[in-house]
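Take a look at the structure set out below.
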Amino acid sequence: MLVLLTACSSAPTTVAIPASAAATSSSSKPTPDGPQASPVRLSRLTWQDFHGVRLPLSDVDGPRRLDHDRAAGFARTRQGALLAALHIAVRANAQWGPDVFEPTIAEQVTGPDADKLLEETRTQYEQSRREAGLPNGSALGVAYVAEEAYRWQSYTPDAATVDLVSAGPSPAGTTVRAVTRVQVVWRGGDWRVVAPLGGDWGNAAGPLTSLDGYTTFEG
């Protein structure tokens, strides 16, 4: 988002939740309690495999444009905002290589820390690519991550905030989960993700031990 879970990638290294993520203090981080918008279940979903990540799509709410691993064209609805948050945040990640994260962040991420996010993602990518001995520009590998659930914090036709839950296998073979808070705003005829504080997804993420209070994706 999204922040991908440790050991969920086929590559020797993976984009992961920093060890300090749970201790990071930020107003944009998910919290167990607080005001929440009413949950609305998505309907008419289909599912797409995105390099190991299973992502929902809607013929009503988007994305309407899928091209070269990019996703755009989301409805100005609550469901459209949710799908935009998920698809854009997942793609704004070093794991898929610069052909994906560079234009995604440049065109679909906004906010005062958008440039920092791009710089941080480039740094993460280059470090992981060199450690894995991969050619420049290549993806770092698939990521065995499931986008499981969500919880609304707020929604208007102009801005929304939602907590997104990712799950994947740990080195011990158990399922581990993380929740990432993603903000989106409506600009230029589509939803844009607001870059996390400091350009670091770890500042918007933390571990999760229970799905209580979250709405699971159907299908």
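The values are calculated or read from the model by the stated rules, or taken from the named source; none is laboratory data. Keep in mind that what you see is a predicted model, and the values were worked out from it rather than measured. With ideal geometry, Cβ positions are generated from the backbone for all residues, glycine too; neighbour counts draw on all protein chains shown. Just the protein is used for accessible areas: all its heavy atoms, side chains included, with ligands, DNA and RNA removed. Shrake-Rupley method; radii C 1.70, N 1.55, O 1.52, S 1.80 Å.
Against the list (1) hydrophobic (A, V, I, L, M, F, W, C); (2) touching a Ser or Thr at 6+ places or on another chain (Cβ under 7 Å); (3) open to solvent by 30 Å² or more (accessible area, probe 1.4 Å); (4) within 17 Å of VAL182 (Cβ to Cβ), the condition ALA159 fails is (2).
Regarding the range 205-213, can at least one residue be identified that is surrounded by 15 or more Cβ atoms within 10 Å (Cβ to Cβ) and either acidic (Asp, Glu) or touching a Phe, Trp or Tyr at 6+ places or on another chain (Cβ under 9 Å) (or both)? Checked the range 205-213: at least one residue is surrounded by 15 or more Cβ atoms within 10 Å (Cβ to Cβ) and either acidic (Asp, Glu) or touching a Phe, Trp or Tyr at 6+ places or on another chain (Cβ under 9 Å) (or both). Summed over the range 63-83, the residues that are touching a strand residue (DSSP E or B) at 6+ places or on another chain (Cβ under 8 Å), of a type outside the set (Lys, Arg) and in contact (Cβ under 8 Å) with a residue 24 or more places away in the chain give a count of 10. A single entry from VAL145, VAL100 fulfils the requirement of being among the β-branched types (Val, Ile, Thr), on the phi < 0 side of the Ramachandran plot and touching a Leu at 6+ places or on another chain (Cβ under 7 Å): VAL145.
Of all the listed residues (ALA172, ALA139), the sole one being among the aliphatic types (A, V, I, L, M), without any contact (Cβ under 8 Å) to a residue 12 or more places away in the chain, more than 19 Å from LEU211 (Cα to Cα) and not in a strand (DSSP E or B) is ALA172.
Just for the range 61-107: of the residues that are within 13 Å of the chain's Cα centre (by Cα) and among the polar types (S, T, N, Q), which one is surrounded by the most Cβ atoms within 10 Å (Cβ to Cβ)? So the residue we want is GLN95.
Mind listing just one residue for me: the one in the range 108-138 that is among the hydrophobic types (A, V, I, L, M, F, W, C) and more than 22 Å from ALA84 (Cα to Cα) and, of those, least open to solvent (accessible area, probe 1.4 Å)? Residue satisfying both the conditions and the ranking: ALA132. Selection over the range 175-204 of residues that are among the small types (Gly, Ala, Ser), surrounded by fewer than 24 Cβ atoms within 10 Å (Cβ to Cβ) and assigned to a loop (DSSP other than H, G, I, E, B) gives a count of 2.
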